[in-house]
Structure formats: C-alpha cells, structure tokens
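Structure first, commentary second.
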Amino acid sequence: MKTFVVKIKFFTAVIILFLPFFLNTGIFAQLPSFLIPPAEFRAFDTPNDAGETISLTWSISPNDAPDVFYVVYIDRDKNGDFEKEAIRIKSNTSYRTGVPEIYGHKKSNENYHYVQIFPRKVFNGEPIDKRQVYYFKLGMVSGENKIVFDTVASAKARGNWLHMKKANNFIIMIILSVIIFYFIVHARRNPNMFLRKISGLDAVDEALGRATEMGKPVLFVHGLTGMGSISTIAAISILGRIARKIADYDANLKVVNNDPIVMSVSQEVVKESYLEAGRPDAYNSDNVFLVASEQFPYVAAVGGIMTRERPAANFFVGYFYAEALILAETGASTGAIQIAGTDAYTQLPFFITTCDYTLIGEELYAASAYLSREPMLMGTLRAQDVGKGLLIVILILGTILASFGLTFITHLFEAF
C-alpha cells in the first residue's frame, strides 16, 4: 500500500513538473481551445467621413480580460496571408458605447467591440484606392498563445456627401432660422413690437438731456479690446445711436480710445451719425481721439479728463479689466450720470455698485436693436428670446423625463 502511494506521489510530481512543457510545446499549444471566438465579426465603411477609414465590430468573448488582446489583420487579397497587423487592442476596451453617433445609446452596445482602421496608415501612407476592397481577420492573443479565426470580413472606404452625425444641429438651425425670419417680417409690419424694457437704455435720453441743459460734455469710454471683440462691436453700435441723439440735441460728445483702429472706426461712426442728423458741420474729429495704448496710462488720462471737464454723463461700454473700478469711481466722484455696459462678468459688480445703470451681459448686444428699432435687429432679438424660451421648456421637460429614467431627450443637442 505504501509503495502504491509513493508511486502516485511520484507521477503527480512529474506531471506538475512537465505541465508547462506540454502547454508550451505540445499539442495543447497548437490548439488553444480556451480562446473562444466572437460570435460576430464584420467590417463596413465608416459613415460620415471623407473615405479614409473602415469600421470593424465584433461581439465580446467570454475570454475578454486585461491580459488578452484582439489583433486585426488586413490584406488586399481575400486568400492572402493576412500577415499585416492593422491594430491591436486590449479585449476589455473599445466598445460601441464610444461611438453613439453610429450605434446610438443602447445598453446592448456594451456587448460589442468597435475599432476604426486607417488603411493608408497601415500601408505606410499609400494613397487609398476608392475601388479597393480590404479584407480583415480577427485574432486573439494571450501570453504565448495565439489564434486567428477563419471568418473574413471585407469593406471598402468611400467618402460621404452629407455629415449625418450633425443632423440634429442642422434641424435646430433650420428651426431657429424660421423663427428669426418670422419675427423680422413681423417687426416690419409692426414697428412698435414689444421689447422688454432695459432701464439702462431708457436712461440714455435722460442722461443726454441733462448734459444738454447743463452745457457739459458727454464722455464715451471704450473698453480695452480691439475691433475683433464682440463687445467692442456692440459698443460701436451704441456709440452711433448716442452720437445721433447728441447731434439732434446739439450737445458735445467726447470719445476716448486706446486702440488706433477702434478710434478710426469711432470717428467714421460719429461722423455718419452727424450726417444722418443733417448737421455735418457740427462734427469735430478732434473729439474722438486716442488717449494711450497702455492700460493704466489710459486710465490716468481718462480720469484726468473727468476731473478737469466734469462731464454730465459718462458711458462705459465694452470689455473692461482691472481699470473698471478706477474709471467708475472717478466718474462717480464728479457727480455725473453713469451708464455702463459690459460682458466682462468679473467687472460687473464694480459697475453695478458705482454706476447709475448697468447693461448686464446680453443686454449690451440688445442695445443697438433697442435704441434703433430697426426691423432687422428687432426681429432677430425677439427670435433669440423665443429660442431661449424654447430651450428653457426643453430643459424642464428633459429634467422631468430624466427623473423617470427617460433620457432620450438629453441626446437631441449633442454635437458629436
């Protein structure tokens, strides 16, 4: 009995000792049956591209693990050797969930892998023949074990005329364009179309009237950005409306600048406003001048103008930085009516505190339509408000639906 037990132990030790040898060099190495192939493997032209990529997808395998790799082999011949490796990925990465523009947001996308192949890169930058069909095989690698499955998938790359990924953006653009066009037509038929009152703009006439009665100048201060800034463009538009009223009231307007291009544009805008008012002789180009190109020399010079000439009304319109509080404090100390407008949210608290009226954010952009009452501008402004209202309704509706687990509406505005 003891001899039998000793023999069993001996053979067990031999099997354990030579097991790695059999696994690596024996019949087990030639047939790695533990690597289970995916049930589905297919190739197709990647949609919505210029014809440079081919997409591959296959179902997950029970063997997927961080130390198991998928290898895609490519060939131009269906019966070729498939020795060219196109891509190698870990088997627990690259799922369909990463391309919702193709497969949507289904939960089942977690059960499929997805990769894109660039044939031109694989074949060392060779031009892609649009008629060339590429063939693919899928393999799995785990350590020293490798298996290539027999299934062959094929596809050819071609360019697409339409980018269907962004169809949602196109539809939203069409809807908003129709709304804008409708309100422009409506504004032409009804020049007195209602716009929400903006107290800062309603006070413009009051400030200019006060300056006219007191015989003091009106000071218009630009921000520190150039003509490439949206806020500067909006400020120029407001300047034109103010200059027109100044010409009608026969008051004195001074415009200070820190950028020569902005100064040139301001001179032309003010000059045009005086021409529209029928008083070109009253225009003085010396009243629209360059003060300084640096920030704090500019502030010091403008502060000196405020202190010496004590204008009756100050307009701070544009994009401002740290100089905002200094300018507004100096103007407030002279007793002037101050109206500010900026989209620099960091400076809004200072203007709100030291100025009589402040245009906050988008009110700066709406000012030109509000002051001019031009149908084109009024219709666009009204359409923007309607569009914002629709977005608010959709946000509320989406929040309610998401509370019940319905999240489809959250994907309507994805840009992909």
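Each row is one residue, and each column tells you yes or no for (1) in contact with a Lys or Arg (Cβ under 6 Å, 6 or more places away or on another chain); (2) surrounded by 15 or more Cβ atoms within 10 Å (Cβ to Cβ); (3) modelled with pLDDT under 90.
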{"site": "GLU144", "(1), (2), (3)": "no, no, yes"}
{"site": "SER154", "(1), (2), (3)": "no, no, no"}
{"site": "ASN168", "(1), (2), (3)": "no, yes, yes"}
{"site": "ALA187", "(1), (2), (3)": "no, yes, yes"}
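Filter region 118-170 for residues that are assigned to a strand (DSSP E or B) and over 15 Å from ASP75 (Cα atoms) and give the result.
The answer is MET140, VAL141, SER142, ASN145, LYS146, ILE147.
Could you tell me which residue of region 35-45 is modelled with the lowest pLDDT, considering only residues that are assigned to a loop (DSSP other than H, G, I, E, B) and open to solvent by less than 100 Å² (accessible area, probe 1.4 Å)?
Ranking the candidates gives LEU35 first.
Test GLY379 against the stated conditions and say whether it is farther than 27 Å from LEU290 by Cα and either touching a Pro at 6+ places or on another chain (Cβ under 7 Å) or not β-branched (Val, Ile, Thr) (or both).
It is true that GLY379 is farther than 27 Å from LEU290 by Cα and either touching a Pro at 6+ places or on another chain (Cβ under 7 Å) or not β-branched (Val, Ile, Thr) (or both).
State which residue pairs qualify: first residue under 14 Å from ALA207 (Cα atoms) and without any contact (Cβ under 8 Å) to a residue 60 or more places away in the chain and inside region 248-268, second residue surrounded by 19 or more Cβ atoms within 10 Å (Cβ to Cβ) and aromatic (Phe, Trp, Tyr) in any location, beta carbons under 7 Å apart, and separation of 6 or more residues or different chains.
Qualifying pairs under 7 Å: LEU253/PHE220.
Tally up the residues in region 314-335 that are open to solvent by 10 Å² or more (accessible area, probe 1.4 Å) and small (Gly, Ala, Ser), please.
4
Residue check, LYS107 against (1) surrounded by fewer than 16 Cβ atoms within 10 Å (Cβ to Cβ); (2) out of contact with any strand residue (DSSP E or B) (no Cβ under 7 Å at 6 or more places or on another chain); (3) touching a residue at least 40 places away in the same chain (Cβ under 8 Å), all met but one. Which one?
Condition not satisfied by LYS107: (3).
Out of all the residues in region 189-227, which are more than 26 Å from ALA344 (Cβ to Cβ), part of a loop (DSSP other than H, G, I, E, B) and hydrophobic (A, V, I, L, M, F, W, C)?
Scanning region 189-227 gives MET193, PHE194.
Only one of (1) within 16 Å of ALA207 (Cα to Cα); (2) open to solvent by 10 Å² or more (accessible area, probe 1.4 Å) is not met by GLY226, so which one is it?
(1)
Given ILE74, ILE102, ILE87, which one is open to solvent by 20 Å² or more (accessible area, probe 1.4 Å), within 25 Å of ASP150 (Cα to Cα) and not in a loop (DSSP other than H, G, I, E, B)?
Among ILE74, ILE102, ILE87, only ILE87 is open to solvent by 20 Å² or more (accessible area, probe 1.4 Å), within 25 Å of ASP150 (Cα to Cα) and not in a loop (DSSP other than H, G, I, E, B).
Conditions (1) touching a His at 6+ places or on another chain (Cβ under 7 Å); (2) hydrophobic (A, V, I, L, M, F, W, C), marked per residue:
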position: ILE102; (1), (2): no, yes
position: VAL133; (1), (2): no, yes
position: LYS156; (1), (2): no, no
position: ASN169; (1), (2): no, no
position: PHE181; (1), (2): no, yes
position: VAL185; (1), (2): no, yes
position: MET193; (1), (2): yes, yes
position: ALA207; (1), (2): no, yes
position: ALA211; (1), (2): no, yes
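Working only within region 257-302, note down all residues that are among the charged types (D, E, K, R), open to solvent by 50 Å² or more (accessible area, probe 1.4 Å) and closer than 20 Å to LEU224 by Cβ.
Selection gives GLU294 alone.
Has region 126-137 got at least one residue that is modelled with pLDDT under 90, closer than 24 Å to ALA167 by Cβ and open to solvent by less than 50 Å² (accessible area, probe 1.4 Å)?
No, because not a single residue in region 126-137 is modelled with pLDDT under 90, closer than 24 Å to ALA167 by Cβ and open to solvent by less than 50 Å² (accessible area, probe 1.4 Å).
Taking only pairs six or more apart or across chains, which ones have beta-carbon atoms under 6 Å, a first residue in region 283-295 that is free of Cβ contacts under 8 Å to residues at least 24 places away in the same chain, and a second residue that is open to solvent by less than 60 Å² (accessible area, probe 1.4 Å) and assigned to a loop (DSSP other than H, G, I, E, B)?
Partner pairs satisfying both residue conditions: none exist.
The values are calculated or read from the model by the stated rules, or taken from the named source; none is laboratory data. This one's a predicted model, so the numbers in the text were calculated from it and none came from an experiment. Neighbour counts run over all protein chains shown; Cβ positions are idealised from the backbone, glycine included. The accessibility values were calculated without ligands, DNA or RNA, using every heavy atom of the protein model including side chains. Shrake-Rupley method; radii C 1.70, N 1.55, O 1.52, S 1.80 Å.
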